[in-house]
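Q: Structure below; questions to follow.
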Ligand SMILES: [Zn+2]
């Protein structure tokens, strides 16, 4: 259909300008295989939407007429992003389309759950919407728990939410597009968008709980019941005597959640004991990741969470355990690294989510 083709072409050109930087109309036609007429047509739409701007003639000395360069305009719109994955605060920000934070707001959770928690989230979004200084592209939320494609939080024990349609609550209140996803999935999108993680990658987020966001071919994998990546309650050692909030013994979280690691570290007397605690946590993570690496052949694992805990012995032990347990010939070149996006990873992921849904930029 002509209209679908137009949307497709628009997204294609936007994506190229966003990912690859300034290009001329002729470059875009060459790179995409679209005709010059189609490119000019779509570009004039993008110019009038302010999503693209002309930034002057190409520098340098190519033969022929100098070409006008086009650039993605990251200030055309802003997003409101909220991160509900922290233990004491709901964090929020207004971001531009380059993922830069324009304004921040946060609210203390102070024990609130259920409807109280929901009211605080709505209040936080309202405050942020008042700070927006460009047209609002949409609202993105990263939340712990299991979230379906329609933005229904099926289960988020940390927030005391069950079967709450967070997307429609916010969309009705603020009359704009809203996208809600699990925090680890949002973080995986942030790595893809802003840190250029591999198309087949696994992001492990360590915080109050432990979760993972999985991208295959650059596309988030959610699973049949939207719980893909919920690795925190995979049992590593049922005989360990480490009891978990879920009722089982020896879940990954009992070694790796920030609270349990802090408890274990507080008992370490020497530097050596401290390193051992971290290495054991890394080994338990490696045990859980090895079969995932083997099954999916992902090429990159990214760890996101408290840097001083994750870097060093923990990351090294994770990698070593994966190497020991998965076939070295095919998985030997796997990269394990720490995320460099810091505390804003979920906020930036929430922005990436809105951009992907509203502009087709992934
Ligand atoms: Zn558990």
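Q: For region 257-348, what number results from the quotient of the Cα radius of gyration and 2.2 N^0.38 Å?
A: Numbers: Rg = 13.9 Å, N = 92, 2.2 N^0.38 = 12.3 Å.
So region 257-348 has a normalised radius of gyration of 1.14.
Q: Sticking with this structure for a sec: Using C-alpha positions alone, give me the convex hull volume of region 152-198 per residue in cubic angstrom. Write out the running numbers ahead of the final one.
A: On the way: hull volume 4.3 nm³, N = 47.
Considering the Cα atoms of region 152-198, their hull volume per residue is 92 Å³.
Q: Kirkwood Rh over alpha-carbon pairs of the chain, then Stokes-Einstein at 37 °C and 0.692 mPa s: what D in µm² s⁻¹, rounded to an integer? Please report the intermediate quantities before stating the final value.
A: Working: Rh = 21.9 Å.
Estimated diffusion coefficient is 150 µm²/s.
Q: Note the full-extension length gain between residue 103 and residue 131 as 0.36 nm times their separation in residues minus their Cα-Cα distance, in nm to one decimal. Write down the numbers at each step before the final one.
A: Working: separation 28, 0.36 × 28 = 10.08 nm, distance 0.72 nm.
Contour length minus the Cα-Cα distance gives 9.4 nm.
Q: How many nm is it between the label spots at residue 26 and residue 263, if each spot is 7 Å from the Cα in line with the beta carbon?
A: Output for this residue pair reads 6.7 nm.
Q: Another question, if that's okay. Which angle between 0 and 90 degrees, to the nearest 10, do you get for helix 36-48 versus the longest principal axis of the chain when only C-alpha atoms count?
A: 70
Q: Let me ask something else about it. So what's the back-of-envelope 222 nm ellipticity for the chain, counting only DSSP H runs of four-plus at -39500 (n - 2.57) apiece and dividing by all residues, rounded to 500? Don't skip to the end; give the middle numbers.
A: On the way: 13 runs with 152 residues, N = 362.
Calculated at 222 nm, the ellipticity per residue is -13000 deg cm²/dmol.
Q: Counting alpha carbon pairs within less than 8 Å and at least 6 residues apart, what relative contact order, in whole percent, applies to region 236-362?
A: On the way: 145 pairs, mean separation 26.5, N = 127.
Contact order relative to length: 21 percent.
Q: Return P(r) of region 156-280 (all Cα-Cα pairs; 5 Å bins starting at 0; whole %; ordered from short to long distances).
A: Each 5 Å bin holds this share of Cα pairs: 2, 9, 14, 17, 17, 16, 12, 7, 3, 2, 1, 0.
Q: Which one, 69, 319, 57, has the greatest fluctuation when you compute a Gaussian network model over the chain with C-alpha springs under 10 angstrom?
A: For the chain, modelled as a Gaussian network with Cα springs under 10 Å, the answer is 57.
Q: Can you work out the FRET efficiency for the pair residue 35 and residue 337, with r the C-beta to C-beta distance and R0 = 30 Å, to the nearest 0.05? Let's see the in-between values first.
A: Details: r = 42 Å, r/R0 = 1.39.
About 0.10, to the nearest 0.05.
Q: While we're looking at this one, here's another question. So what's region 14-172 giving for Rg/Rh, alpha carbon basis, Kirkwood Rh from the mean inverse pair distance? Could the numbers behind the result be given before it?
A: Details: Rg = 20.9 Å, Rh = 18.3 Å.
Rg divided by Rh gives 1.14.
Q: Report, to the nearest 10°, how far helix 345-359 tilts away from the longest principal axis of the Cα atoms in the chain, using its own Cα long axis and a range of 0 to 90°.
A: Between the helix axis and the principal axis of the chain, the angle is about 40 degrees.
Q: Which of 34, 338, 17 ends up with the largest GNM mean-square fluctuation for the chain, with Cα atoms connected below 10 Å?
A: Largest GNM mean-square fluctuation: 34.
Q: Moving on. If I model region 85-214 as equal point scatterers sitting on the Cα atoms and use the Debye formula, what is log10 I(q)/I(0) at q = 0.19 Å⁻¹?
A: With no solvent term, the Cα-only Debye profile gives -1.21.
Q: Which one of 247, 145, 232 has the biggest mean-square fluctuation once the chain is modelled by GNM with Cα springs under 10 Å?
A: Answer for the Gaussian network model of the chain: 247.
Q: Please work out the Cα center distance from region 98-129 to region 299-355, rounded to the nearest Å.
A: Using only Cα atoms to place each centre, the spacing works out to 28 Å.
Q: Any idea what the relative contact order of the chain is, in percent, if you count C-alpha pairs under 8 Å spaced at least 6 apart?
A: Numbers: 715 pairs, mean separation 55.4, N = 362.
RCO, the chain: 15 percent.
Q: Hey, another quick one. Tell me the Rg and the Dmax, in Å, that the Cα atoms of region 206-362 produce.
A: In Å, with Rg to one decimal and Dmax whole: 16.3, 53.
Q: I would also like to ask the following. Give the distance, in whole Å, between the Cα centre of region 162-198 and the Cα centre of region 1-36.
A: Taking the Cα centre of each part, region 162-198 and region 1-36 sit 26 Å apart.
Q: What is the helix-to-structure angle for 114-129, meaning the angle in degrees between its Cα long axis and the longest Cα principal axis of the chain, kept from 0 to 90 and rounded to the nearest 10?
A: Between helix and principal axis, roughly 30 degrees.
Q: Relative contact order for region 1-123 using alpha-carbon pairs under 8 Å, separation at least 6, rounded to a whole percent?
A: Contact order relative to length: 17 percent.
The numbers here are math on the coordinates, done by the rules we state, and not lab data. Fair warning: this is a prediction, and the values are worked out from it, not measured in the lab. Every residue, glycine among them, receives a Cβ derived from its backbone with ideal geometry; neighbour counts consider all protein chains shown.
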